[in-house]
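*Asks:* Let me begin by handing over the structure; questions about it come next.
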Amino acid sequence: MAGSYHIPVMLRETVEMLVHDAGGTYVDGTLGGGGHAAAILEIVRGKGRLFAFDADPGAIANARERFGEELGHGIVVRQAYFSQAVEMLAGEGIAPDGVLLDLGVSSRQLDSDQIGLSYRQEMPLDMRFDMNSGRSSAADIVNNESAEDLATLLRRYGEEPAAWTIARAIVRRRSAKAIATTADLRGAVESVIPERFLIKTLSRVFQALRIAANDELGELERALDGFIPLLRRGGRFAILTYHSLEDRIVKEKFREEERDCICPPEFPVCRCSKERRLKIMTRKPLVPTAGEVERNPRARSAKLRVAERVIDERPGHAGSRSVDN
Ligand SMILES: C[S@@+](CC[C@H](N)C(=O)[O-])C[C@H]1O[C@@H](n2cnc3c(N)ncnc32)[C@H](O)[C@@H]1O
């Protein structure tokens with residue numbers, strides 16, 4: 001069962017770069033089917049510990065089955081979005097030696113007949129990882145947002161060239177009958193997009209709505225802001241992304257955090273007090289091998305970036321005051 005849930009992507013590369021101390025404390029913020037978590041646990045079992053989170057209650061239920069007796073000992077599993085996971089760890093004074101985020105969706109979620117992520121089968125158009133989160137579902141979004149806001153969303157999160165045409169088609173369709181299912185949304189797209197462009201367009205439209213319904217980019221930004229200061233000195237932050245929007249956010253944040261002073265060159269002394277907090281370990285992102293992509297096509301767009309927490313030792317900088325946290 002666990003095997004069919006999700007095939008973990010770049011498993012060996014990710015775990016090798018993340019886990020540098022078998023007695024350390026690790027965080028998996030995207031538990032999914034537990035493939036990465038199990039590999040981390042294999043190394044830290046009996047010596048270190050793993051805190052694993054997922055927003056999806058289905059992932060948590062699966063982990064309870066998969067990790068059974070180890071729960072509460074080597075591995076702690078909790079349902080939480082990234083920002084809630086940061087709060088929980090900070091509240092308990094936990095400074096991780098490594099944090100993993102394997103972004104996006106698991107195969108189980110893509111194939112689920114409940115969440116509505118796939119345009120290939122008819123199901124309710126929800127798309128939220130946690131349907132009790134209080135966030136708007138994809139159906140709420142397509143039925144309530146203005147045509148302008150829908151077009152912006154499709155352009156921003158789906159990089160959809162026909163965003164405006166599709167947004168107007170959605171508004172036309174919902175004025176006759178509310179859009180409730182994946183088939184209703186597909187119908188709106190089909191009404192304006194030629195057959196030969198349909199599959200790629202549907203992928204972009206569904207991706208855009210999934211990102212919006214889960215505030216995925218906002219969550220990623222909050223995760224970066226929250227987890228970086230939490231990491232112990234030498235602790236690693238490993239992030240697997242699956243599209244350019246996510247990857248750009250990670251790349252830019254890692255670069256920003258690698259820089260110290262950002263004062264203009266004409267300033268004789270630093271006034272910004274910006275602290276260097278990361279050293280990038282992957283100048284270029286690692287990508288899966290051709291063999292892995294052949295075995296697991298869902299790995300094809302993956303990029304792995306890893307950075308290490310450093311403490312700024314310059315006098316007067318915030319980092320120089322921290323004990324070896
Ligand atoms: C690609 S899957 C992870 C697969 C996992 N590494 C494995 O080996 O099975 C991504 C998981 O992250 C979860 N997720 C995505 N965004 C999240 C967020 N902001 N907060 C918490 N969980 C999130 C999804 O629910 C999904 O289960």
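*Asks:* Return the only residue of GLU65, GLU87, GLU70 being in the same structural domain as HIS6 (by TED's automatic domain parsing), modelled with pLDDT of 95 or more and open to solvent by 10 Å² or more (accessible area, probe 1.4 Å).
*Replies:* GLU87
*Asks:* Still on this structure, I have one more. Grab the helices (runs of 4 or more DSSP H) fully contained in the range 141-248, keeping just those with 3 or more residues being more than 16 Å from the ligand (Cβ to nearest atom), surrounded by 15 or more Cβ atoms within 10 Å (Cβ to Cβ) and outside the structural domain of ILE40 (by TED's automatic domain parsing).
*Replies:* Answer list for the range 141-248: 147-158, 163-176, 182-190, 198-213.
*Asks:* Another question about this same structure. So which residues in the range 35-54 are open to solvent by less than 10 Å² (accessible area, probe 1.4 Å) and among the aliphatic types (A, V, I, L, M)?
*Replies:* Residues satisfying the conditions are ALA37, ILE40, LEU41, VAL44, LEU50, ALA52.
*Asks:* Let me ask something else about it. Does the range 102-139 hold any residues that are closer than 23 Å to LYS200 by Cβ, of a type in the set (A, V, I, L, M) and assigned to a loop (DSSP other than H, G, I, E, B), and which are they?
*Replies:* Within the range 102-139, LEU103, VAL105, ILE115, LEU117, MET123, LEU125, MET127 qualify.
*Asks:* In the range 249-259, how many are of a type in the set (Asp, Glu) and not in a helix (DSSP H, G or I)?
*Replies:* Matching residues across the range 249-259 total 0.
*Asks:* For the range 65-100, give me each residue that is within 16 Å of the chain's Cα centre (by Cα) and within 12 Å of the ligand (Cβ to nearest atom).
*Replies:* GLN79, ALA80, TYR81, PHE82, SER83, GLN84, ALA85, VAL86, LEU100 - these are the residues of the range 65-100 that are within 16 Å of the chain's Cα centre (by Cα) and within 12 Å of the ligand (Cβ to nearest atom).
*Asks:* Against the condition surrounded by 13 or more Cβ atoms within 10 Å (Cβ to Cβ), within 15 Å of the ligand (Cβ to nearest atom) and of a type in the set (D, E, K, R), how does GLU258 come out, does it pass?
*Replies:* Judged against the criteria, GLU258 is not a match.
*Asks:* Can you tell me which residue within the range 13-34, out of those that are in contact (Cβ under 8 Å) with a residue 40 or more places away in the chain and of a type in the set (A, V, I, L, M), is surrounded by the fewest Cβ atoms within 10 Å (Cβ to Cβ)?
*Replies:* My answer is MET17.
*Asks:* For residues that are under 27 Å from ILE249 (Cα atoms) and basic (Lys, Arg), scanning just the range 101-131, find the one that is nearest to the ligand (Cβ to nearest atom).
*Replies:* Checked the range 101-131; the qualifying residue nearest to the ligand (Cβ to nearest atom) is ARG108.
The values are calculated or read from the model by the stated rules, or taken from the named source; none is laboratory data. For clarity, every value in this text was computed on a predicted model and none was experimentally measured. When we count neighbours, we look across all protein chains shown, and the Cβ atoms used for this are built from the backbone with ideal geometry, even at glycine. Note: accessible area is taken over every heavy atom of the protein model, side chains too, but ligands, DNA and RNA are not part of it. Shrake-Rupley method; radii C 1.70, N 1.55, O 1.52, S 1.80 Å.
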